[in-house]
Every structure is written in structure tokens, then in C-alpha cells.
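Engineer: Sharing a structure, written as C-alpha cells. Questions coming.
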Amino acid sequence: DRQTLVAVLQFLRRSNLRESEEILRREARLLGDDLAGNVATVATSSPGVAAVAAVPPVKGEARGDCGVSPSSRREPREAGRLAASGALLSSPSSKITHSGDVSAVVVEDQPDVSAVLSAYNQQGDPTLYEEYYSGLKHFIECSLDCHRAELSQLFYPLFVHMYLELVYNQHESEAKSFFERFHGDQECYYQDDLRVLSSLTKKEHMKGNETMLDFRTSKFVLRISRDSYQLLKRHLQEKQNNQIWNIVQEHLYIDIFDGMPRSKQQIDAMVGSLAGEAKREANKAKVFFGLLKEPEFDVPLDDEDEEGENEEGKPKKKKPKKDNVGSKSKKQDPNAPPQNRIPLPELKDSDKLDKVMNMKEAARRVRLGPECLPSICFYTFLNAYQGLTAVDITDDSSMIVGGFADSTVRVWSVTPKKLRSVKTAADLSLIDKESDDVLERIMDEKTASELKILYGHSGPVYGTSFSPDRNYLLSCSEDGTVRLWSLQTFTCLVGYKGHNYPVWDTQFSPYGYYFVSGGHDRVARLWATDHYQPLRIFAGHLADVTCTRFHPNSNYIATGSADRTIRLWDVLNGNCVRIFTGHKGPIHSLAFSPNGRFLATGATDGRVLLWDIGHGLMVGELKGHTDTIYALRFSRDGEILASGSMDNTVRLWDAVKAFEDLETDDFTTATGHINLPENSQDLLLGTYMTKSTPVVHLHFTRRNLLLAAGAYSSQ
């Protein structure tokens, strides 16, 4: 339009770019030097819309839905080489090329023509925004049922972008009326985002708001069938509704699939995250979800076993153990990663001893199922006025640790055996190093107590994790550090500084040595105990990383985030190999099934979602909790999934039934047409109330007794 043209010409003149000014003037047929004189109208399809968006298709060279390339908004310097929209329409040598999913306009004789200054970000008449939006809304609501559900996904991202565009261009009153008129139409699970959005009423507010910056820079992903997409495209082109079409082109990524449109239930199950759904491409990479081969060694029989059991009893006792553990170690799982894919620490003698103990315990393990539910032992933290913020229990269930808001870490012994520190160096030098009980002698009996308090953090402790060999303990805190503590001396060995903001969670690898942390800076970091710096930084989440979990084979890490997505990362190369969307609130708990095939996730929306890692699909939804789920754990053989929540209950679910008869045919995998059972109550095996204790941790002992923990809250 004329104003833009005049402004650009004035800019060119001020910048001493005479040549560009001349070309532009010639192309736009502007006469003489009179900038404010009569201006021939430039052919645009609707007043106030940059004509670049309305370029007609050029002799089959590219499709006609052409937007402005997103990079083109940035550089004011480029304005010097700017061709007016009219030039683009009339220049015989211009051709349209396709870059990604956004078309860019290239003029051959002027290769540097970028696009429009960010000052001309405004592309539509602010008073018409409500009309555009209500027009589209009317069109979608009147379309056939099968398309309506899919096209309704457009409402939210378009609403946000149109609102932000109005705010950005300082049309504050129009923005306010637009928000008030349409915010009630958005899906209920976007309420929190809309609350943040409603507080952004001035351009200045947008600068500091990371969530909104992300929304503007990352493309919102919608998965739509080809038929629905064609319908939308036709409507927008007929109505010449370029404002909306530009937003679709520039800020949305439409993942088009061939086949039947998805139903409302299927879409609702998968949407709700900050950036829409995951692109189907994101879940195509191969994931080695199988378990690593167990090292083989003989299991010596204990003297007690021989005395305590008759001759027939012995082989019977040992047989199930041979099946459980032996079968794993003999043949390699076809889905397992190569044994040496990532370097894992070698087994020490003490580890082998522990494995032997583990096998013996496994031989006496209770087989759980719908007919045989586990007993639950609940550890209640009483008078925890310091504020309990994290709990962990050792694999052999001998110690429990609590992280507290007063920045202390407290370790308790849960067995009659007290916690003892190693003697001082002077005393150690007196010990006979050759004696059989040297490991006993180095411990100082005078220090024996059932509770040890570890001081060092300078803020609430949000995550704790014991190492598999029980020699170390990790804790992470609001102070931005992860600390490694020795459980021999009960002192801090290392403070790992990498996160600049609070660290919400940390966890040791099942093989020890490696650990992961996630925090408010939106990244997860992989560390090794003997390195000060992180080995990998996993970046991609759009909000805080709230929880982290290692896959049982230690080759992958799952992270849950406040952006309402779960990502699976490859430890080897740091790539993101899975993105799971479907939760309607921040994720707070993750659990892998013991066989490594499935992942369970819990969030503030009170739902537990089940995922098939190999196919990258949601395979189940467990409804029942009424508040945030902070704890999830599979039983040792994977038959039962336990979930613990802020609603003061522990619930047990039938994991075998949840994962049997999965429909993972190629079509489902390709399009994400998931069919979740209507009722998850068939899978619920039991609900156990506490008096008034939110459940923050769950742990199955080696014999499948379920331990739960939380702090009693009096209100």
C-alpha cells in the first residue's frame, strides 16, 4: 500500500541507497521526486495486506500458498535492498521457490531482496482481526463433523498469535477486546497459558516473557488429514483471508497425513502441550529399548540355605531364579543396544556380591498379579516442619533419604543396622589390612546412629538419588548445584555446577557412574561422577525439566517437563529420539517398565499415560487420581504399576493387561490414530488411602513389597 511504499522510499533515501530507490520508484511507477505525490496503487489483493502474501502462482513453478520467509523479518539493513511488493508482482524474472514449508520470494536479478522490516510486521487492519477469527470459527463450526474436530485444533494457536501480533504492534485496545471475546472458546487445558497471556498487554511485557518468546519462535505442530487441510486452504484462499493464512504459514507446522481424519477423542488424547503435538518424524528414529546382557557368574550356596532347607527344597528354590536371571543372560535381546555402545563401569567384587544377593532375593520374590497384590509399607515423615521435598530408597531397601526445604539432606537406616562412618586416618593406620573382617574394622562404632544429617546446600533440596552400590548419594537443590555425598564418611565429595537456576531432579544410572539432572534452565545434563563438567546437554524442552529417569539399559534418558511433553534422549549422541505429547499439565513422574519396552508418566492433570517406546505411541491412559501424580513405580517383574499422588492415595494398576493386545500396526504408527480403551477402571486393582499424607515416593523391594513415603500434612 502507498504508506508502506513511501516509508520505504524515504528510508532508502536517508540511507543513501539511490540505486535501490530508483529501481523501486520505477517498478512502482512513482513519478518525479515527489514522494508524497500521486502514487499509483500497487496491486494487492486486500487493502493493508503485504502483497508478497498474495503472489499468484507462477506457471506451475511452485504452489500458490506463498508466505514470507521467517528469517526475512529480522535485518533492518536489508531494507536497503528492498523491492516493493509491486515490483515482485510485475518483475518478469521473479520466481517463487520453496524453502521448507514456507515459500520465499526470490528475484533473480536482485538476489538479496529479503522482505519486510520488522516495523512493518503489521500486515492487517487491527480492527478486522475479530472478523477474521470469527469468520474462520464460523467456517470450522459449520464444516462436517469429521473435519470439525481436526480443524478446531487451529483455534488456540491462531488465537495466541493474533493476540500477540496485536500487542506487538501496540493496538492495545483491539488486543484486549479480541482476548475478551474469544478466550472463553479455548480448550480447558490451555487455561494456565491463557492466564499468562492475559497479563501481556504491552509490547514491553513480551520481551521478558520466555514462554511467549518460545511460542513465537517455535512452530506449533498440528496433525491434520489431507482432506481437512485442503478444505481449510480452499476456504482461506476463497475468502482471501491472508492474515490467517500468513500465520498458518509462518507460525504453524501442519503435519499432513493421508487417511481418515481423527476423532475428537483421538485428538484430545494427544494434544495439550505448549508446542502442539510432536511431528511424526520426531518418533521415527530406532530406539534400542532391550536390556543389556547380564554378566554370568556362579551363585554360591549359603551355609544357612543348606541347613535351613531339606534336599528337595533346594533345587526348587533355585529353579525360578535360573529362569528369571539366567534366561536374560544367555541370549541377547534383539532390541538391546550393543553391549559396548556406551562405556559402562566394570563390576567390582562388591557389585558381584550384591548381584548374588539380589538373585537370592529374586528367588523368594512374590509373583504379583490381580489375584496377588503386594503389601504396602508406608513411611510417614512426622513433624516434617522443615518441609519434605524429595525422597529416595536404596535398591536393597536398607536406607531412606529425605531432601528438605531447609536445605538439609537426612539419611535414615531402615534396618536394625546403624549408619557408621569410616574411622579417622590415624585410627585406620593401626588396622591389620590383611584380616578377613577389614571392612568391618574400618567402621567407627562411636559414630553409629540411625540418622545422619548432611549440610551443604543453600536452598531447598528438590531431588535425591542413591547410587546402585550404596556408596554415594546425589542431591540437587534450588541453589543450582548437584552434590555428591559419600555414604562411607557422610561428607560432600563434589559440588557439580552447571545449572544456573534451581535443579528440580537428579538420578543415578542403573549402572552407577553416570547421572542426570534437570532444572529451571529447561535443559537436562548428563554427568559422570569423576567429571566436573557435564558430558551431554539435552536441550529442546520449552519449559522447566521437572523430572528425569534413566532407561534400564542406561543408553537413554527420559525427561518430563512443564511444557507438558516427555522427551527421550540418546545418551550416546545427545539426540532427542522421542517426543510424547498428551498430558495437560507439567509432568512430575516417570517410570520405565523392567523390560525396557514401556514408559509410564504422571502429571498435574491426575492422569497416568502409558507409552510404547519402540513404536513411539501412546498405548494407555489410567484415570482415577484427582491430583498431581508424584510417584510411579513398576513391580520388579513388571506385572503391576503403582502410582502415588497428592490426593493422599496409592493406586495399583494391572500392567500386564494394560500392555497386552496392543494395536501397533503400521497405519496407527504412521498417523497416530490411537484407540484407548474407554474405561481404565478395569485396570485399577486397588486404591489405598493415607490419613492425610501426600505420596511423594514409591519403591518395590527385591521381593515385591511396596514401600511408600510422604510427609504427614495436618490440614
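The values are calculated or read from the model by the stated rules, or taken from the named source; none is laboratory data. Remember, predicted model here, so these are calculated numbers, not experimental data. Glycine gets a Cβ as well: all are built from the backbone with ideal geometry, and neighbour counts include every protein chain shown. SASA here: full protein model, heavy atoms, side chains in, ligands and nucleic acids out. Shrake-Rupley method; radii C 1.70, N 1.55, O 1.52, S 1.80 Å.
Engineer: Over segment 335-405, with a single point scatterer placed on each C-alpha, what log10 of the ratio I(q)/I(0) does the Debye formula yield at q = 0.12, 0.13 1/Å?
Structural biologist: -0.66, -0.75
Engineer: Using every alpha carbon pair in segment 556-705, what percent of pairs falls into each 5 Å bin from 0 up to the bin containing the largest distance?
Structural biologist: The calculated distribution, bin by bin, is 2, 10, 19, 23, 22, 14, 7, 3, 1, 0.
Engineer: Using each residue's phi in segment 481-487, evaluate 6.51 cos²θ - 1.76 cosθ + 1.60 at θ = phi - 60° and report the 3J(HN,Hα) Karplus result to the nearest Hz, with x for Gly and Pro.
Structural biologist: Using θ = phi - 60°, the values come out as 10, 10, 10, 10, 10, 8, 8 Hz.
Engineer: So how much slack lies between L144 and S398, counting 0.36 nm per residue of separation and subtracting their Cα-Cα distance, in nm? Write down the numbers at each step before the final one.
Structural biologist: On the way: separation 254, 0.36 × 254 = 91.44 nm, distance 6.12 nm.
Answer, rounded to one decimal: 85.3 nm.
Engineer: Taking amide H atoms as placed 1.01 Å from N in the peptide plane, list the residues 5 or more away in sequence, or in a different chain, whose amide H sits under 5 Å from that of F381.
Structural biologist: Distant-sequence amide H within range of F381: G710, A711, Y712.
Engineer: Which FRET efficiency value, to the nearest 0.05, do you get for I256 and N500 by plugging their Cβ-Cβ distance into 1/(1 + (r/R0)^6) with R0 = 51 Å?
Structural biologist: Values: r = 40 Å, r/R0 = 0.78.
About 0.80, to the nearest 0.05.
Engineer: Related question: Evaluate the Kirkwood expression for the hydrodynamic radius of segment 466-539, namely the inverse of the mean inverse distance over all pairs of different C-alpha atoms, and round to one decimal in Å. Show your work: numbers first, answer last.
Structural biologist: On the way: mean 1/r = 0.0827 Å⁻¹.
Radius from the Kirkwood sum: 12.1 Å.
Engineer: Right, next: Could you work out how much longer the chain between L382 and R195 gets when fully extended? Use 0.36 nm per residue separation minus the Cα distance between them, nm to one decimal.
Structural biologist: Details: separation 187, 0.36 × 187 = 67.32 nm, distance 3.65 nm.
Extra length available between L382 and R195 comes to 63.7 nm.
Engineer: What's the Cα-based Rg to Rh of segment 117-262, Rh via Kirkwood?
Structural biologist: On the way: Rg = 15.0 Å, Rh = 15.8 Å.
Here the Rg-to-Rh quotient is 0.95.
Engineer: Still on this model: When only the heavy atoms of the protein chains count and the probe is 1.4 Å, how do L484, L572 rank by accessible area, highest first?
Structural biologist: Sorted descending by solvent-accessible area, the residues read L572, L484.
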